[in-house]
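Colleague: Just passing along the structure, written as structure tokens.
What follows draws every value from the coordinates through simple rules; no lab data is involved. A quick note: this is a predicted structure, and the numbers were derived from the prediction, not measured. As a convention, Cβ positions derive from the backbone with ideal geometry for all residues, glycine included, and neighbour counts pool all protein chains shown.
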Amino acid sequence: MKLQLRDLWQPVAAVVEPEAPVAGLPPVGRDAAVVVRGHGGVLAVASGPAIARALDAGRGRDPVLGIAEPARAVPDGQALPLLEPGAADHAVVGMSRGAAVGWVPRERLLEAGFKALCARMDKLRVALDAAYNAIVVVDAEGRVVAANKALGRVLGVEREDLIGRPIQEVVPHTGLPEVLRTREPRIGRRIELRGHVYVSNRTPIFRNGRLAGAVAVLQDVTDLESARAERDEANRWKRTLEAVLDTAYEGVVVVDERGVITMFNRAYGEFLGVDPADMVGRPVTEAIENTRMHIVLRTGEAEIRQVQRIKGHDMVCDRIPIREGDRIVGAVGKVLFRDVSELDALFEETRRLRTELSYYREELRRQNGTRYSLENLVGESPVIRELKDMVRRVARTHSTVLIQGESGTGKELVAHALHNLSPRADKPFVKVNCAAIPENLLEAELFGYREGAFTGARKGGQVGRFELARGGTVFLDEVAELPLPTQAKLLRVIQEREIEPLGGGGPVEVDLRIIAATNRDLRQLAAEGAFRQDLLYRLNVVLLEAPPLRDRKEDIPLLAERLLCRLSKTLGLRPRRLSAEALATLLAYAWPGNVRELENVLERALNLCDGDEILPAHLPHHVRRPAGTGPALAPLRQVLAEVEAEHLRAALRVANGRAVEAARLLGIGKSAFYEKAAKHGLLNS
């Protein structure tokens, strides 16, 4: 900004020589000054206040130059460049035709320069705020000196809160510190702020050859980026779809709503002996023999697994309409089989693969050591349903499980089900019967041994059961029978997940799950000192209790039916059923041997039975007349009624309360089911 001298000048009282004494000067007002003449013109000026101070100090004989300040001459009418460097370094004397006509002190020059600077800053701020793009200016130290409203909007803060702060605090990834360091511009760089994408241009600012700061301009390109990304994604999917269609064995044709072919893959072209590119744009009725694609467009009905005669072949195809909302915008046709004879070959191949799959599935199960799943845990009683639910929940984790229950309750079955439902189902399941292995061989069997570990050790050593189960499950049956020294080593396996084979060689890490089972009270054994207390706590993370058969007698009808079916196949006998009297006898027995005893009793009955129905006479004497019961048996009619009622309840549970389905499961008519259910008061429940 420039200013005319006459807008600022103050009066000149006289023009004197440098040697003129201060006391000899003419009277000078407060705003006036005396101009000191030099060889080349104006040399200095002595202001009124400066002259008054000199006189008060007794310096009247001093030359005026001693109290004057430097000045420079400027022609009257010339504009003063107030914002240029050095504009206010010296006072200014206005000259007109060789005579001094006025002067401007430095103070007024600085004041005018400041006003000019403020005016320029106001204009700059208006210009910055009018810009749509965000703009930020930093000084050479990286502190924000200017920012427009757009930047405040981008950052979600007031612009005034940005001024004076380091740019890294305001926008961490602007790149302006790098521009200040390298003094090189960085153009077209991408930056993300608050979910928006910007292109940033960053440029250094130089003043008189020195770095004064840097400026960054951020242009929001979020919508442009989004549109470009959508376009690129659409093109990528289009290329992928075309590649998939061209590599597919099945012939595929796509038509628009007019029946004109828009896509025709390579397989269809090979089948018809045509170039796919020549088919695009042609009406489908002209391009494909006996087509019905135009009919599907008209009716909107898909035609699935249809036979179409083409070039002497009866091919099998699908024709499916393409919809956008309620409107049909095209259709797709797919050749599933180029000739019906392919179906026969496919059927034969499927049969062969199913046979192989069944074989390998059974082989894998045999190799992994499991035979049972949760479906083998037969019963619908509350205790069994609760146990099944617990098995499903616990199987998902890797926690150690302790299964407690009497002999014959199915503890091993529960262990198998846990493994088969777990993430380790495809890994080994290794069973260890702790009571069956001699004590002197137990540690070698469990932990393995190195070559030369003891006399008679196998050459090359032996891998232990724990290492064999790596990644899978170890089932420790009859865990209560483990000797105390072995219990201590088992505790380390559970805690550290590592074993140490006999004969040294260092520990071996093992990733496995431990399931233990026992028919004894481990807490009592721990209290007696026969079982380690700390091992009990480690094993008893999750406790599953296999209920005795006497606590779930309502499951006996279903259990007996399943066992008879399996045993008949195993023994090579024709299927037989239980008579009502035999079933009542089974329900009245206490079953100290649980399910295992029931299986043995039924196997004996099958061997003795010649007819189609098992009678009480085919059952062992101790089952027919349990010890201690004497003659106080319940009446047969009462027992049969209870069995019938419980069987009806079980059928309703399996059928989720649907009476018709329950009747079908029981093999009786719907009317007979309703009559029996009403008799036992089951309809309301």
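Colleague: Two decimals, Cα atoms only, Kirkwood Rh: what is Rg/Rh over the stretch 226-339?
Modeller: Values: Rg = 14.6 Å, Rh = 14.7 Å.
That ratio is 0.99, to two decimals.
Colleague: For L683 and E613, what does the FRET efficiency come to when R0 = 41 Å and r is the distance between their Cβ atoms, rounded to the nearest 0.05? Please report the intermediate quantities before stating the final value.
Modeller: Values: r = 30 Å, r/R0 = 0.74.
E between L683 and E613, to the nearest 0.05, is 0.85.
Colleague: Now for a different question. Treating cross-link reach as a plain straight distance, find the lysines whose alpha-carbon is under 22 Å from the alpha-carbon of K334, omitting any fewer than eight places away in the same chain.
Modeller: K238, K311
Colleague: Here's another thing I want to ask about it. Viscosity 0.692 mPa s, temperature 37 °C: what is the translational diffusion coefficient of the stretch 370-546 from Stokes-Einstein with a Kirkwood Rh over Cα pairs, rounded to a whole number of µm²/s?
Modeller: Numbers: Rh = 16.7 Å.
For the chosen part, D equals 196 µm²/s.
Colleague: Taking the Cα centroid of the stretch 202-243 and of the stretch 65-136, what is the distance between the two, rounded to the nearest whole Å?
Modeller: 43
Colleague: Something else now. Helix 222-247 versus the longest principal axis of the chain: what is the Cα-based angle in degrees, 0 to 90, to the nearest 10?
Modeller: Relative to the chain, helix 222-247 is tipped by roughly 40 degrees.
Colleague: Quick one: angle between helix 411-421 and the longest Cα principal axis of the chain, in degrees between 0 and 90, rounded to 10, please.
Modeller: So the helix axis and the longest Cα principal axis differ by about 40 degrees.
Colleague: Taking the Cα atoms only, what angle lies between the long axis of helix 484-496 and the longest principal axis of the chain, rounded to 10 degrees?
Modeller: Rounded to the nearest ten degrees, it is 40.
Colleague: If I take R0 = 41 Å and measure r between the Cβ atoms of N540 and R664 in this structure, what FRET efficiency does the formula 1/(1 + (r/R0)^6) give, to the nearest 0.05? Mind showing how you got there, number by number?
Modeller: Values: r = 44 Å, r/R0 = 1.07.
It comes out at approximately 0.40.
Colleague: For the residue pair V329 and D344, what label-to-label distance in nm results when each label sits 7 Å from Cα along the Cα-to-beta-carbon direction?
Modeller: Result for the modelled spin labels: 4.4 nm.
Colleague: Can you find, among G472, L490, V221, the residue farthest towards the positive end of the dipole of the chain? Put +1 on the C-beta of Lys and Arg, -1 on that of Asp and Glu.
Modeller: Positive-most Cα among the choices belongs to V221.
Colleague: Let me ask another. I'd like the per residue volume of the convex hull spanned by the Cα atoms of the stretch 103-216, given in cubic angstrom.
Modeller: Working: hull volume 13.4 nm³, N = 114.
Per residue, the Cα convex hull of the stretch 103-216 comes to 118 Å³.
Colleague: If we count other beta carbons within 10 Å of each Cβ, what is the order of D551, D232, fewest first?
Modeller: On the way: D551 15, D232 10.
In increasing order of surrounding Cβ atoms, one gets D232, D551.
Colleague: For a Förster distance of 51 Å, can you work out the FRET efficiency between the beta-carbons of E675 and T570, rounded to the nearest 0.05?
Modeller: Numbers: r = 38 Å, r/R0 = 0.74.
It comes out at approximately 0.85.
Colleague: Label-point separation (nm) for E561 and T247, each offset 7 Å from Cα along Cα-to-Cβ?
Modeller: 5.1
Colleague: Now for a separate question. Counting only the backbone N, which residues of the stretch 49-69 are under 17 Å from the spot 7 Å out from the Cα of A23 toward its beta-carbon?
Modeller: 51-67, by backbone N distance to the label point.
Colleague: Rounded to the nearest 20 debye, what is the charge dipole size of the chain about its Cα centre when +1 sits on each Lys and Arg Cβ and -1 on each Asp and Glu Cβ? Don't jump to the answer; show the numbers that get you there.
Modeller: Numbers: 97 positive and 93 negative charges, 128 e Å.
Result for the chain is approximately 620 debye, rounded to the nearest 20.
Colleague: If each residue of separation counts as 0.36 nm, what is the full-extension length gain between H313 and R577 once their alpha-carbon separation is subtracted?
Modeller: On the way: separation 264, 0.36 × 264 = 95.04 nm, distance 5.48 nm.
That works out to 89.6 nm of additional length.
Colleague: Quick one: putting +1 on the C-beta of Lys and Arg, -1 on the C-beta of Asp and Glu, what dipole do you get for the stretch 370-546 around its Cα centre, in Debye to the nearest 20?
Modeller: On the way: 23 positive and 24 negative charges, 88 e Å.
Rounded to the nearest 20 debye, it is 420 debye.
Colleague: What does the net charge come to around S96 if you take all other residues with beta carbon closer than 14 Å to its beta carbon, with K and R at +1 and D and E at -1? Numbers along the way, then the final one.
Modeller: Working: positive: R6, R97; negative: D76.
Counting the neighbours of S96, the net charge comes to +1.
Colleague: Going by average Cβ neighbours within 10 Å, how do the peptides 85-96, 385-396 rank, with the highest at the top? Present the calculation step by step, with values, prior to reporting the outcome.
Modeller: Details: 85-96: 18.2, 385-396: 15.7.
Highest mean packing first, the order is 85-96, 385-396.
Colleague: Would you mind calculating the relative contact order of the chain from Cα pairs under 8 angstrom and at least 6 residues apart, reporting the percent as a whole number?
Modeller: On the way: 1147 pairs, mean separation 41.6, N = 685.
Relative contact order of the chain: 6 percent.
Colleague: Next question. Take the Cα atoms of the chain, build their convex hull, and give its volume per residue in Å³. It would help to have the intermediate numbers written out before the result.
Modeller: Details: hull volume 323.3 nm³, N = 685.
Here the figure is 472 Å³ per residue.
Colleague: Kirkwood hydrodynamic radius, the stretch 552-679, all distinct C-alpha pairs: what's the number in Å?
Modeller: Values: mean 1/r = 0.0642 Å⁻¹.
It is 15.6 Å.
Colleague: On to the next question. Hey, can you rank 68-81, 146-159 by average C-beta count inside 10 Å, highest first?
Modeller: Values: 68-81: 16.3, 146-159: 18.1.
Ranking, from highest mean packing down: 146-159, 68-81.
Colleague: Give the peptides 30-36, 243-249, 650-656 in descending order of average Cβ contacts within 10 Å, highest first. All intermediate terms of the calculation are to be shown ahead of the outcome.
Modeller: Details: 30-36: 21.7, 243-249: 12.6, 650-656: 17.0.
Highest mean packing first, the order is 30-36, 650-656, 243-249.
Colleague: So what is the calculated 222 nm ellipticity per residue for the chain, using -39500 (n - 2.57) for each DSSP H run with n of 4 or more, over all residues, to the nearest 500 deg cm²/dmol? Before the final figure, lay out the partial values.
Modeller: Values: 25 runs with 273 residues, N = 685.
Here the helix-only value at 222 nm equals -12000 deg cm²/dmol.
Colleague: Using Cβ counts within 10 Å as a stand-in for footprinting exposure, how do I51, I187 rank, fewest first?
Modeller: Working: I51 25, I187 11.
So the residues, fewest neighbours to most, are I187, I51.
Colleague: Sticking with this one: Which value, in debye to the nearest 20, gives the size of the charge dipole of the stretch 131-220 about its Cα centre, when Lys and Arg are +1 and Asp and Glu are -1 at the Cβ?
Modeller: Values: 14 positive and 10 negative charges, 54 e Å.
Value, rounded to 20: 260 debye.
Colleague: Another question about this same structure. Tell me the label-point distance for the pair R266, E69, using the 7 Å Cα-to-Cβ offset, in nm and rounded to one decimal.
Modeller: 9.0
Colleague: Order these by the 10 Å Cβ neighbour count, fewest first: C118, C609, C317. It would help to have the intermediate numbers written out before the result.
Modeller: Working: C118 10, C609 18, C317 24.
By the 10 Å Cβ count, ascending, the order reads C118, C609, C317.
Colleague: Measure of size requested: the Rg and Dmax of the stretch 2-113, with Cα atoms as the atom set and Å as the unit; please supply both.
Modeller: My reading of the Cα-based Rg and Dmax gives 13.5, 41 Å.
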